[in-house]
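**Student:** Structure provided below as structure tokens; questions to follow.
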Protein chains: 2
Amino acid sequence: MLDELTVVLFRPKYPENIGSAARACLNMGVSRLVVVDPYNFNMEKALPLATAHARHILETARIVDTLAEAVEGCTAVFGTTARTGGWRKGIMSPETLAGVVDERLRGGGRVAIVFGPEDKGLTNEETSICSGLMTIPTSREGTSLNLAQAVVVVLYECFKRSLAGPFVPDGPPEERAATIPEQEALFANLQQSLLAIDFLKDDNPDYWMLPVRRFFSKVNLKRNEFNLLMGVCRQVQWFVERYGPKK
Amino acid sequence: MLDELTVVLFRPKYPENIGSAARACLNMGVSRLVVVDPYNFNMEKALPLATAHARHILETARIVDTLAEAVEGCTAVFGTTARTGGWRKGIMSPETLAGVVDERLRGGGRVAIVFGPEDKGLTNEETSICSGLMTIPTSREGTSLNLAQAVVVVLYECFKRSLAGPFVPDGPPEERAATIPEQEALFANLQQSLLAIDFLKDDNPDYWMLPVRRFFSKVNLKRNEFNLLMGVCRQVQWFVERYGPKK
């Protein structure tokens, strides 16, 4: 889905971040990684962070000298920035970027997202090649994200968006919700049980049932939970009948 | 906004990940970090990853022995998992979790999000204390995220959500939520009551309590509802003692 999306790391300083970014790419379904003019690149330091699973992404990453080479063949380039002042207007959120990227990819485009150096980010010169800029929302106290963390957040938004339907975790299907008649049957049964053990008083049980009803109506009660509670009620009533005082 | 949100790292293996997680906390406006029983904790290794900006978060992080201590005082605990099969039903996406967390926090609750060890994640034992589970969508080729990367993605969703305007329904102030110790006391009391009426069997009551726990952990149980349920349990036990068969 994100086959035609390329992650470009521009002059990264720490090989470990390149490894971590490769792992983030794998997690989020991106396989194209390009590194521009890295500082002291060292595969030995990068590989452990990529883990064995993302090793192939790191090993097939293109290493080039210039940003222009990195984005060759792309139809759109987006830059990431932590600086949002001055002329850097119309900066997108990661969510908005993900929508734009998704549209471009579905339209047959090839998209690159560029991340700047850890310390300085992208300069105006580099952003001038970009079709748009994106910034990740942060607290005012800590505006600078780790490079690979920025990569994972942006790719997470793109991956989420690329999933056609809403994201549905694997697992057995959910139980169906209890119907209104089932819920009413349960309330009647609960009331009878609570009367049987003298928790509710005979004079106005409906009134005392109000908080009980309110409690259960908050819950999106499932069929299996309905069965469970009906079973408890039956057992209470059986118990009272068998052992309770004769009325 | 996320002042009452606590990030809990359960038995992390690498100090570097603790440092990175502290930085992610700072970026996303979270200042409460708790580390449970870390493996070979080493401040020297953790600090550079936290950077100077997040140093205070790392230095004031509570280090405790058990998960129970870590979540003491919280009203809801959510676990993160990469395993979504078996009985692990109704697992939320990070987005859905962010919505739930936001609601709980705005209601005056104190919420913890627990992240398991890098290699194994949380076991069923640890997730049993959780009110809900969350998983991050990933490609099938790389389902395992770096610990601190998982932290930043989840907190990013929570932070994003916290920036949105508050939805405040009219009405009287909400009851406070039941605390985790209260919830545990209720489970113990429920179990005793269900044993007393022979609904649960003596041989493996913990196992039979699982669906009961699951049911109640779905609900954002309020203090008055807790009192109501404790009262029902007391009455059941009183009734059994008074009228039940002598054992």
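**Student:** What residue, of B:Ile180, B:Ile197, is within 10 Å of chain A (Cβ to nearest Cβ), buried (at least 17 other Cβ atoms within 10 Å of the Cβ) and touching a residue at least 40 places away in the same chain (Cβ under 8 Å)?
**Tutor:** B:Ile197
**Student:** In region B:143-159, what residues are buried (at least 20 other Cβ atoms within 10 Å of the Cβ) and either outside the structural domain of B:Thr81 (by TED's automatic domain parsing) or not in a helix (DSSP H, G or I) (or both)?
**Tutor:** B:Leu145, B:Asn146
**Student:** Are there any pairs, at least 6 apart or on different chains, whose C-beta atoms fall under 8 Å, with the first in region A:220-247 and at the interface with another protein chain (Cβ under 8 Å from one of its Cβ atoms) and the second of a type in the set (Ser, Thr, Tyr) and part of a loop (DSSP other than H, G, I, E, B), and if so, which?
**Tutor:** Hits for this filter: zero, empty list.
**Student:** Only residues that are surrounded by 13 or more Cβ atoms within 10 Å (Cβ to Cβ), part of a loop (DSSP other than H, G, I, E, B) and among the β-branched types (Val, Ile, Thr): list them for region B:32-77, please.
**Tutor:** Scanning region B:32-77 gives B:Thr51, B:Val71, B:Thr75.
**Student:** Something else about it: So if I check each of A:Asn220, A:Asn204, which one is touching a strand residue (DSSP E or B) at 6+ places or on another chain (Cβ under 8 Å) and exposed (fewer than 14 other Cβ atoms within 10 Å of the Cβ)?
**Tutor:** From the options A:Asn220, A:Asn204, the qualifying one is A:Asn220.
**Student:** Please determine, by comparing only the residues of region A:6-31 that are facing chain B (nearest Cβ under 8 Å) and buried (at least 22 other Cβ atoms within 10 Å of the Cβ), which one is nearest to A:Asp102 (Cα to Cα).
**Tutor:** This residue is A:Met28.
**Student:** Still on this structure: Does B:Leu97 satisfy the condition of being touching a helix residue (DSSP H, G or I) at 6+ places or on another chain (Cβ under 8 Å), part of a helix (DSSP H, G or I), more than 8 Å from chain A (Cβ to nearest Cβ) and of a type outside the set (S, T, N, Q)?
**Tutor:** Yes; evaluated as a whole, the condition is true for this residue.
**Student:** With over 21 Å from the mean Cα position of the chain (by Cα) and either closer than 28 Å to B:Met1 by Cβ or within 14 Å of another protein chain (Cβ to nearest Cβ) (or both) as the only criterion, which of A:Arg140, A:Arg110, A:Arg104 stands out?
**Tutor:** Only one candidate qualifies: A:Arg140.
**Student:** Still on this model: Mind listing just one residue for me: the one in region B:165-185 that is among the acidic types (Asp, Glu) and over 13 Å from B:Ala76 (Cβ atoms) and, of those, modelled with the lowest pLDDT?
**Tutor:** Top of the filtered list is B:Asp170.
The values are calculated or read from the model by the stated rules, or taken from the named source; none is laboratory data. Note that the structure is a prediction, hence the values are computed from the model and not measured. Cβ atoms come from the backbone with ideal geometry, glycine included; neighbour counts cover every protein chain shown.
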